[in-house]
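Reviewing the structure listed below.
The values are calculated or read from the model by the stated rules, or taken from the named source; none is laboratory data. Keep in mind it's a predicted model, so treat the numbers as computed, not measured. In this analysis, Cβ positions are derived from the backbone assuming ideal geometry, glycine residues included, and neighbour counts consider all displayed protein chains.
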Amino acid sequence: MVDQTHTSAIEPSGPKPKKTFSRANIFLYGTLIMVSVYYLLPLYVMIVTSLKGMPEIRMGNVFGPPMEITVQPWVRAWSEACTGINCDGLSRGFANSVQILIPSVLLSILIASVNGYALSNWKFKGSEIFFTILIIGAFIPYQTMLYPIVIILREIGLMGSIGGLVLVHTVFGMPILTLLFRNYFASIPEELFKAARVDGAGFWQIYFQIMLPMALPIFVVAIILQVTGIWNDFLFGVIYTKPATYPMTVQLNNIVNSVQGVKEYNVNMAATLITGLVPLVIYFASGKLFVRGIAAGAVKG
Amino acid sequence: MTTASDSSSSMTKRPNRLFKNWMAKLASVPMILTALVVFVGGTAWTIVYSFTGSRMLPKTKWVGFDQYERLWDTDRWIISIKNLAIYGSCSMILTLFLGFCLAACLDRKIRYESAFRTIFLYPFALSFVVTGLVWQWILNPDFGLQNVVRSWGWESFTFNPLNDPNTVIYGILIAGLWQGTGLIMCIMLAGLRGIDEDIWKAAKVDGIGTVKTYVMVIIPMMRPVFVTALVLIASGIIKLYDLVVAQTGGGPGLASEVPAKYVIEYMFRAQNLGQGFAASTMMLCSVVIILIPWAYLEFGGKKRG
């Protein structure tokens, strides 16, 4: 560090206290605070705009705090905002998103954890090949697989329904989740598994009684990863559902970018904020686990 | 590792190999179906049908490379490719640079580190739709940033990237960087934490400055982290779709079109499946071109070490 040039006559015992405001440190904190402002600005603008009335917005100053706080935009965004002829607000999209989210998260994690368990403890001929294909598949642009999935969903009668979208999320969540669970189960000592085998435990018994309880932290990571991922999805929602079953993100986009009527910027920002609220709450509540989730997502391959 | 044969197969004298370990195989059926039917089958199907003249419905009327010729003759596709090239190269360089700088700042043993990290990472939790809509509002010329600066007295201030065909892609880039830099910062920070303290001590003893140590010693040591970050950024760039739809809808005119949007428009709006298939096959090709050198570096390197 640069801040140790000053020496005084009487040396205190113990390590030198670090000077907090050396020139390098001021530069460092200055940079970090400026960048933080850039990062926080959109969230701040969203909040203040959603609390202003339209006359105040027309006066200008997008950064100014609201002079008169009103929750009317939030109410309108939730229950009255229009998409095309439907004017029941975001609440419908929210309900759809919840109905999509819960089964998708459960199904994808259940399947992926069993996959990961089979891949690390019950290897069979070809299991590694399928896993490699799965991981490579995570890099294929979704656009290449969009239409074949439309055909598959049409054949099994799930096109346009929430069930179909759940299936799609399960399929596309599988590579990363399987990798996550496989690596975790591979780190559990093999002796544990062997001992259970000697005692005569079978595939499911070992999974439910030994592996599942040990893997709880990784389940939390997987849940965080999937909840934010599925809630934020737009592409699959817009393609595999119909207007009645649109998830929240698609409905939000339709509300804000609709060309009819007068633009109500405060309602738009309230709607945007409501949609972003679920992942934001998860992010701020989960803290380190979220970072662990994305770090796990980062070490693909 | 080898697993003992299952109890059910040990009852017969010569256990059938197919039934050995059968429960694990049964449990892996969803994975096998996904890998073979959706990933391999779906991709192959799209590639094959990109050589047909399918319009509203897929049909096997072979037209050779006609769809590709038409694709590269379409202005909209050329614009899309150019936009993706600009967005991709800028976003790759800036995300890596900013991500590393922020991580290096946070790694200087500062106070409130976790608060800063939380701030830099939160946009990553938000969807591209939300990101696009917020920045559309901030960059709104009548009420947003431009208007505020003008009201401060700088009357001629112009910052209206979203309504100018020449700069619209940079407007999207601002939003994209805001959303994605935090992730790369996190990965870089993890990489920096993995570096031995002794390196810093040695550099200090040798009298090498902080910046120089980063450039000459730390960055070369973090090569694998940079490669991971690059692959992550690249696979995110090719998917660029929601952000454009939400922020500009591809406008003004066609100025901010991107390949992913082209594919979806042709497949699901313009009823021209063949074009969509050809365009998505081109996207796949670009991914393969990026992925092969990376796989070579990653897995070729492991064998040597």
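Taking segment A:50-69, which residues are within 7 Å of chain B (Cβ to nearest Cβ) and in a helix (DSSP H, G or I)?
Correct list: A:I57 only.
Of all residue pairs spaced 6 or more apart or on separate chains, those with beta-carbon atoms under 8 Å, a first member in segment A:26-39 that is assigned to a helix (DSSP H, G or I) and a second member that is surrounded by fewer than 16 Cβ atoms within 10 Å (Cβ to Cβ) are A:L28/B:R108; A:L28/B:I110; A:Y29/B:I110; A:L32/B:I110. Among residues belonging to segment B:247-290 that are of a type in the set (D, E, K, R) and not in a loop (DSSP other than H, G, I, E, B), point out the one that is surrounded by the fewest Cβ atoms within 10 Å (Cβ to Cβ). Once the filter is applied, the top-ranked residue is B:R269. Could you go through segment A:272-280 and let me know if any residue there is more than 7 Å from chain B (Cβ to nearest Cβ), under 16 Å from the mean Cα position of the chain (by Cα), within 30 Å of B:A234 (Cβ to Cβ) and modelled with pLDDT of 90 or more. So far as segment A:272-280 goes, yes, one or more of its residues are more than 7 Å from chain B (Cβ to nearest Cβ), under 16 Å from the mean Cα position of the chain (by Cα), within 30 Å of B:A234 (Cβ to Cβ) and modelled with pLDDT of 90 or more. Before we move on, is B:G274 assigned by TED's automatic domain parsing to the domain that holds B:L121, farther than 29 Å from B:G53 by Cβ and either over 23 Å from the mean Cα position of the chain (by Cα) or in contact (Cβ under 8 Å) with a residue 40 or more places away in the chain (or both)? Against the criterion (assigned by TED's automatic domain parsing to the domain that holds B:L121, farther than 29 Å from B:G53 by Cβ and either over 23 Å from the mean Cα position of the chain (by Cα) or in contact (Cβ under 8 Å) with a residue 40 or more places away in the chain (or both)), B:G274 does not qualify. For segment B:202-223, check the following and say yes or no: at least one residue is closer than 19 Å to A:I294 by Cβ, within 13 Å of chain A (Cβ to nearest Cβ) and part of a loop (DSSP other than H, G, I, E, B). No, segment B:202-223 has no match at all. In segment A:116-143, the residues that are more than 8 Å from every other protein chain (Cβ to nearest Cβ) form Cβ pairs under 6 Å with partners that are of a type in the set (K, R) and surrounded by 18 or more Cβ atoms within 10 Å (Cβ to Cβ), at six or more places apart or across chains, as follows: A:G116/A:R182; A:S120/A:R182.
Here is a yes/no grid of residues against (1) under 30 Å from B:G276 (Cα atoms); (2) in a helix (DSSP H, G or I); (3) at pLDDT below 90:
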residue: A:F130; (1), (2), (3): yes, yes, no
residue: A:F139; (1), (2), (3): yes, no, yes
residue: A:P148; (1), (2), (3): yes, yes, no
residue: A:I151; (1), (2), (3): yes, yes, no
residue: A:L165; (1), (2), (3): yes, yes, no
residue: A:T178; (1), (2), (3): no, yes, no
residue: A:R182; (1), (2), (3): no, yes, no
residue: A:I210; (1), (2), (3): no, yes, yes
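Being crowded, with 16+ Cβ neighbours inside 10 Å and in contact (Cβ under 8 Å) with a residue 12 or more places away in the chain is the requirement here; does B:M221 meet it? Spelling it out, it is not the case that B:M221 is crowded, with 16+ Cβ neighbours inside 10 Å and in contact (Cβ under 8 Å) with a residue 12 or more places away in the chain. If you go through segment B:169-198 and pick out every residue that is under 16 Å from B:P224 (Cβ atoms) and among the acidic types (D, E), you end up with 1.
Which is more than 7 Å from every other protein chain (Cβ to nearest Cβ), in contact (Cβ under 8 Å) with a residue 60 or more places away in the chain and of a type in the set (S, T, Y), of B:T131, B:T158?
B:T131
Selection of segment B:45-63 for residues being more than 31 Å from the chain's Cα centre (by Cα) and free of Cβ contacts under 8 Å to residues at least 40 places away in the same chain yields B:K59, B:T60, B:K61, B:W62. Residue-level check: of (1) over 25 Å from B:N140 (Cα atoms); (2) at pLDDT 90 or above, A:L40 misses just (1). Of the residues contained in segment B:79-98, none is found to be surrounded by fewer than 14 Cβ atoms within 10 Å (Cβ to Cβ), within 10 Å of chain A (Cβ to nearest Cβ) and either at pLDDT 90 or above or assigned to a loop (DSSP other than H, G, I, E, B) (or both).
What number of residues within segment B:158-196 are at pLDDT below 90 and of a type in the set (F, W, Y)? Within segment B:158-196, residues that are at pLDDT below 90 and of a type in the set (F, W, Y) number 1.
Considering (1) more than 21 Å from A:K242 (Cα to Cα); (2) within 8 Å of chain B (Cβ to nearest Cβ), the lone condition that A:I152 does not fulfil carries the number (1).
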